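The next block holds one structure in the form of structure tokens; read it before the comments.
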Amino acid sequence: MTTITRSPVRATRKSASPGRRGACARHTARRRAALEWIAIHSLAIAAALFFLLPFVFVFLTAVMSDDQALTRDLWPHTWEWGNFATVWNTPGFLTWWRNTLLYAGLGTVLAVGSSIPVAYALAKFRFRGRNLAMMLVIATMMLPPQVVVVPMYLFWAKQLDLAGTLWPLIIPFAFGNAFTVFLLRQFLLTIPRDYTEAARIDGCGELRTMVRIVLPMARPAIAAVALFHFFYCWNDYFGPQIYASENPAAWTLSYGLESFKGAHRTDWNLTMAATVVIMAPVIVVFFFAQKAFIEGITLTGVKG
């Protein structure tokens, strides 16, 4: 009888081969993860630079001298910080600020305050025609404002004599805003009905349930729609051009900047300085409120 014995070297090699394969697999996985990390962050940096470079260009031009603005020299020879003081002391600039704050602030409060009850009713009440009402809200979002600008202008200017003011832009927000209603309604649908039913069992009416139970839970969505509306009003150019163009005392920053550019046609450094002054508050507001803004957008579902 012949006995076959295996070589110790071969046995060692065979027993060590799965370990080497595992180490190679882990090394490949780490390398792949590192490459994915580099690729994702490279794309993120490229996208950030794509959006950031225009702001850098505007800021650098704003602090240049008039002779250097819009030349091949992209870095200021001398930092002209006095350009911002010149813009701030421009006649009418403070009036444009006051009007813009009135339009954006009061318009946002009215739009959000009037849209919350409508969104709550469409989300939590069950009544005949609820889906039809929601379809009408969405339909108004699809209607361009230019379609109804002529009859609306005739109504506000001829019937109510409010031409040359910002009130034709502010007053309609007291009757709700379709986009705000839609976003709030989508968020309120994600709040479980158990909370509202428990509040009703405890004796809360619908108004108290909405104020004490639902609204605290909907703060992220309310903050998001408020920021949306504030930015819209702050940057609105079409509305002030239609209703307030004939009265310089009612101009906003967006419309006044066009007049400022016309008065300083060759002074691009002052025009860019005015642009920086107008953009700065919006950037600061978004910087401090971005957490609530992103959270509200993330939590706003698409439940039907």
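The values are calculated or read from the model by the stated rules, or taken from the named source; none is laboratory data. Since we're looking at a predicted model, the values are computed, not measured. Glycine gets a Cβ as well: all are built from the backbone with ideal geometry, and neighbour counts include every protein chain shown. SASA here: full protein model, heavy atoms, side chains in, ligands and nucleic acids out. Shrake-Rupley method; radii C 1.70, N 1.55, O 1.52, S 1.80 Å.
Classification of the stretch 10-121 by its C-alpha gyration tensor yields an oblate form. The axis ratio a/c (a ≥ b ≥ c) is 1.5 or more, and b/c is at least a/b.
Grab the Cα-Cα distance for Ala48 and Cys24, subtract it from 0.36 nm times how many residues apart they are, and report the gain in nm with one decimal.
Values: separation 24, 0.36 × 24 = 8.64 nm, distance 3.58 nm.
Stretched fully, the Ala48-Cys24 segment lengthens by 5.1 nm.
Each peptide in 194-204, 86-96, 35-45, 215-225 gets a packing score, the mean of other Cβ atoms within 10 Å over its residues, and the list from highest to lowest is 215-225, 86-96, 194-204, 35-45. Cα-based radius of gyration for the chain, normalised by 2.2 N^0.38 Å, reads 1.55. With each label modelled as a point 7 angstrom along the Cα→C-beta vector, the Leu162-Met135 pair spans 3.1 nm. Whole-percent P(r), the stretch 114-195, all Cα pairs, 5 Å bins from 0: 3, 13, 19, 20, 15, 12, 9, 5, 2, 1, 0.
Counting only protein heavy atoms and a probe of 1.4 Å, the accessible surface of the chain is 67% carbon and sulfur.
Determine, from the Cβ-Cβ distance of Thr78 and Phe288 and an R0 of 25 Å, the FRET efficiency 1/(1 + (r/R0)^6), rounded to the nearest 0.05.
Working: r = 32 Å, r/R0 = 1.30.
My answer for the efficiency is 0.15.
Taking the C-alpha atoms only, the angle from helix 130-141 to the longest principal axis of the chain is near 70 degrees.
Simple spin-label estimate for Thr95 and Asp67 gives 3.6 nm between the two label positions (7 Å along the Cα-to-Cβ direction from each Cα). Model label points for Ser245 and Ala280, set 7 angstrom from Cα along the Cα-to-Cβ axis, are 3.0 nm apart. Once the Cα atoms of helix 268-299 and of the chain are each reduced to a long axis, what angle between those two axes, in degrees from 0 to 90 to the nearest 10, is obtained? Its long axis makes an angle of about 60 degrees. Whole-Hz Karplus values for the stretch 30-35 come out as 5, 5, 5, 5, 5, 5 Hz, taken residue by residue from phi with 6.51 cos²θ - 1.76 cosθ + 1.60 and θ = phi - 60°; glycine and proline positions read x. For the stretch 172-288, the per residue solvent-accessible surface stands at 49 Å², with DNA, RNA and ligands left out and a 1.4 Å probe. According to the calculation over all Cα-Cα pairs in the stretch 152-214, the P(r) per 5 Å bin from zero is 3, 14, 16, 13, 12, 10, 8, 9, 8, 5, 1 %.
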